[in-house]
Amino acid sequence: LWYNLSDQDYCYSVVQTPDSGFVVTGVFGSPQYEIDIWEPILAGTFISKWDRHGNPEWNSTYSGNGDQGGYGICNSPDENVLVVGSRRIQVTYDWWEHDVFCVKKDATGHTQWYETFSAQDDHPENSSDEGYSLCATNDNCYVIAGATTLDEHEDDDLFLFKIDPSGDVLWKKTYGGP
């Protein structure tokens, strides 16, 4: 029952669940391009639950108009899991923007919510944001960490978001730059 999603599947993060199983997240497909015809070979996010013996229990995928990948995962206090990553959408021929996404899954694999975020309030249309990691906080919220840049010629800066249990942003900070 392993889900062979594509020729290239990558697992980026794993967390043990309260039932001694584990949930993994990563990318399926190939985020490469056929230069001759300029059509993306799309990639998507997978989230899979396995029991303590390594037997698959459920699998979810997210894909769409562009690439996306799940990079970080954590348990929530209510025995669900959250996954953070980034999704990429083509803006021009040679420029893709990234948004951060976070999805909350319950113990049976159902999606509780799916939210997207931009680190740049002033210029969300020009920013490229990638979510890499997250953790639960002592106040039942979550902190997401990643990188942001305003345009393709700028260096990346660090960002932190704090979200509540419903996925609403409580605050966000960007650090770095000149």
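Of note:
- Selection count where residues are charged (D, E, K, R) and open to solvent by less than 30 Å² (accessible area, probe 1.4 Å), scope segment 66-80: 1
- If you go through segment 111-134 and keep only what is assigned to a strand (DSSP E or B) and modelled with pLDDT under 90, you end up with THR116, PHE117, SER128, ASP129, GLU130, GLY131.
- LEU170 part of a strand (DSSP E or B), open to solvent by 30 Å² or more (accessible area, probe 1.4 Å) and modelled with pLDDT of 95 or more: yes
- Within segment 60-102, the only residue that satisfies the criterion of being at pLDDT 80 or above and among the basic types (Lys, Arg) is ARG87.
- Candidates VAL14, VAL23, VAL27 - the one that is of a type in the set (Val, Ile, Thr), open to solvent by 60 Å² or more (accessible area, probe 1.4 Å) and modelled with pLDDT of 50 or more: VAL14
- Among the residues of segment 44-65, those that are surrounded by fewer than 19 Cβ atoms within 10 Å (Cβ to Cβ) and either over 16 Å from CYS11 (Cα atoms) or without any contact (Cβ under 8 Å) to a residue 40 or more places away in the chain (or both) comprise TRP50, ASP51, ARG52, HIS53, GLY54, ASN55, GLU57, SER63, GLY64, ASN65.
The values are calculated or read from the model by the stated rules, or taken from the named source; none is laboratory data. Values in this document were obtained by computation on a predicted structure and should not be read as measured data. Neighbour counts are summed over all protein chains in view; Cβ atoms, including those assigned to glycine, are modelled from backbone coordinates with ideal geometry. Heavy atoms of the whole protein, side chains included, go into the accessibility calculation; ligands, DNA and RNA do not. Shrake-Rupley method; radii C 1.70, N 1.55, O 1.52, S 1.80 Å.
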